[in-house]
Structures are given as C-alpha cells and as structure tokens.
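One structure is given below, encoded as structure tokens.
The values are calculated or read from the model by the stated rules, or taken from the named source; none is laboratory data. Computed from a predicted model, the values in this text were never measured in an experiment. Note: ideal-geometry Cβ built from the backbone for every residue, glycine included; neighbour counts use all protein chains shown.
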Amino acid sequence: MTDNPLITLLGLEEHARQAASSTELGFVMVNDSRALTAYRQAALFIDGEGVKAVSGVAGIEAGASFTLWLARVFKRLASDDVRQAGPADLDCADGAEWAEWLPPCALLLPLKDRDGKRLGTLLLARDEGWSEQEAALLARACDFYGHAWAMLYRPSPVTTWKQKIGSIPRYRLKLAAGIALVLLFPVRLSVLAPAEVVAHDPAVIRAPLDGVVEKVLVRPNQKVAEGDLLFELDRTTLTGKLEVAKKMLDTAKAELEQASQQAFVDPKVRGTLAVIRARVEERSAEAAQLEDLMARSLVKAPRSGVAVLDDPAEWQGRPVAVGEKVLAVASPHDVEVEAWLAPADVIALENGGPVSLFLNTDPLSPVSARLLYVAYEAIPQPDGTLGHRVRAELSKGESGPWLGLKGTARLDGHRVPLIYWLARRPLSVVRTFLGV
C-alpha cells in the first residue's frame, strides 16, 4: 500500500480494466483491494448467482458450509448503500457462527452498473472498525469494480430470466399467477345447437298408393283415436274402374250361368265351362282388388295420439306417391329432443352424456336430457346447411315439454382447461384460414 491513496486507487482501476474475465476481476476485488486498506478476509457475492470469489482461495466450493453461510449473510445484510455489519446484525443461528468464519467488523460495499442497478456486494472483514475515509476510498473502488464487472460478466440465460422475473413487481406476479390458474381451471367443453321436441316413436302415416289427396280430415295437434279417419285420396278413377269391373263380373257370371244350362244338351259348350269359370274368377279378383284400393284410400289412425302435420290446406289436391309421408300420429308426452349440430361444432360426445334444453317458451328453466346418439353423417337441413342429427332422451320422472316446442340444446363433453375452451373456436378459424 503506497502513501498516496489516490495513486493506489488508480492502480486498482487499471488492474480492474485489464482483467480478461469476470473470474480474474473477482480475484482482483477480493485480494488486490488490500492495497487501499488492510483487512483479513474478503468475499464477493453476485445477486442471483451466489458467492463468486473469496480472498486467499483459488476456487469456491458451492456446497461448503462456509459458502452456504456466506450466502445467507449476504442475502440478510445486502443493501444499496455502504454499511458496516457484525454478528449482532444477524439472527441467533448465523450470528453465533460469525466468530467461526469472519472477523467481527465487516464492511459491505454494493457493486452497481452504470444505471445504478445493484449487481452484488463486496464484503471486507477485519478485527477493528472502519473509518469514514476508508469507506469512501473503498466505495470509489467499488464504482469502477461495478462498471468493469458489468462489462465482463455475462450471466447465463437462466440467471437473466430470474433477474427479469425478480424485477417484476410482486403484485403483477401474483396477478399473472392468478390468471394462469384461472386459465388452467377445468371446465366442461360444450356446444350449442338448435333443438326441437319431437315424438319418441311416432306412427308415420304414408300414402298407401299413388294418387291425389282429396281431403285432410284432421287439424294439427288434434287428438285422434285408433280407427279415426285422417285423410282420403281422390277415388274418382278407382270408382269408375270398380263400376266397370263389377259390370264385367256380372257379364261373366251371366255367361257362366248360360253355359252351364247349355252344357246339359251341347257337349261343345261343356268344354268351354272351365274357360268361362276362370274369366269369372279373374273379374272377381279384379273387383276385389279395386275394392281394397277404395278402402285403403281412406287412411285411418293406427293408434291414438295427436296428429302431427303442416297446414291441411296445403295437402288438399296435392299428388302423392306411394310411401310418401303425409302426417304422423304421436303421443304428446312420449317425446325426446332432436338437435342439429353444425360440422364445425362437433366435439367428442359420449352416449349418455348430459344435455340441457333451453326452450324458447321458458329459457330460464333448462330441461335435462341424456344423449342417445350423434349421427356420423352430416345431412342437409331444411335451410340448406349441413348438420349432424342429435337425439337425446328426456330425464325420467320429469314432466316433459310438449311436442313441437323449440329451443337451444347445450351438449356437454369432456372437461378441458379454460384456455382451450376459449381458444378452440379462434384456433379453428385460423386453421381454416391458413389451410393447416
């Protein structure tokens, strides 16, 4: 140590600037600082990294008792200002070990970069206290130590990340953690689909033969009993054919009767009796068929229930083909839910899964149901869009809604994180736009 402390200070600054690495600079700080003032031990601690250098040793053992104790001391006593410290500044456990590791009087010098951010702390310890002049000289040395360290030392990405996290205000970290927990909260994935209350097992009434609907004898939602007449087809053509068939049958019967009388005297006529009898049977079968068609043109209810159909006036005079649906007879209480799920809304749904029906007549009181099936094939709906047919069974013991009510069905699938629930549709739109 020279007599002029300013020259010594300039020499230390030169050593610090010439250091080729942070390890070499740390050696200069804990060992060469004796040129300014005397001390017995020194240690360098870098925030986020731990103890980086100790005077008198070439390397640091991270798991050594002295190193771990020093790390606790630095974390407890670290400050942005120069300060003196001793065993009394620590709690009982670490304070009792002070005499074992360090002299009683320590001087803590913060290292800062050019922006004034603290990088770490340099600790110098000796048996006697520190004067203001010594503290000022060492604080000046720590100024260029901090600048040199900031230039040489390149923290690891993990350390940089930790420092950035540490610089964030605690309330923001708590807020971010709360948002992350909320986004990870499991919710049930669900989709909405337009729905209607339909008959569970309706009796579909179809046209029994080709013809024209002459009259519909029931109104929509009218109660009918088994055997009641529902509608009838135009029978004008059938009536004419039946009259002709009956006359031809009468003629054939008359011919058969005449031939039977002549057969007793004329053997030739006896040979034609079989042909005439066959003709009579043919005419009789033709007439019976026409009578059956006449009876079938009067369509009756196969069971009791209510008539489900559109405006009867639209059916009158409309030609129908055999097998074409005209109306249905269903029980007003034996109903289930039918919904149409858009292809873009299809999610993993299991049979028996929960379904909630929100009726337009009472949207605040959902009706519970159980999923029966979701059709694999999408078919055109009346409005021209494609949809998957969905059927759901209403819960047992619950007073079911009336047939024909409409609303919206919510189909519940598996539980997923809230963030997936929120991002599923936007991601689908993005994938469709990008074609991936």
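Quick notes on this structure:
- Among residues of the stretch 31-42 being within 12 Å of residue 57 (Cα to Cα) and touching a Lys or Arg at 6+ places or on another chain (Cβ under 9 Å), the one that is surrounded by the fewest Cβ atoms within 10 Å (Cβ to Cβ) is 41.
- Residues considered: 230, 175, 238, 189. Of these, the only one that is among the hydrophobic types (A, V, I, L, M, F, W, C) and surrounded by fewer than 17 Cβ atoms within 10 Å (Cβ to Cβ) is 175.
- Checked against the criteria, residue 412 does not count as acidic (Asp, Glu) and either within 30 Å of residue 219 (Cβ to Cβ) or surrounded by 19 or more Cβ atoms within 10 Å (Cβ to Cβ) (or both).
- Test: residue in the stretch 4-24 that is farther than 15 Å from residue 143 by Cα, in contact with a Ser or Thr (Cβ under 6 Å, 6 or more places away or on another chain) and at pLDDT 85 or above: no
- Number of residues in the stretch 291-341 that are of a type in the set (Asp, Glu), outside any loop (DSSP other than H, G, I, E, B) and closer than 30 Å to residue 411 by Cα: the value is 2.
- Residue 364 fulfils the conditions (1) touching a residue at least 12 places away in the same chain (Cβ under 8 Å); (2) of a type outside the set (Gly, Ala, Ser); (3) out of contact with any Pro (no Cβ under 7 Å at 6 or more places or on another chain) except for a single criterion, (1).
- Every listed requirement among (1) of a type outside the set (D, E, K, R); (2) part of a helix (DSSP H, G or I); (3) surrounded by fewer than 19 Cβ atoms within 10 Å (Cβ to Cβ) is met by residue 8 save one, (3).
- All positions within the stretch 317-358 that are more than 30 Å from residue 230 (Cβ to Cβ) and of a type in the set (D, E, K, R): 345, 350
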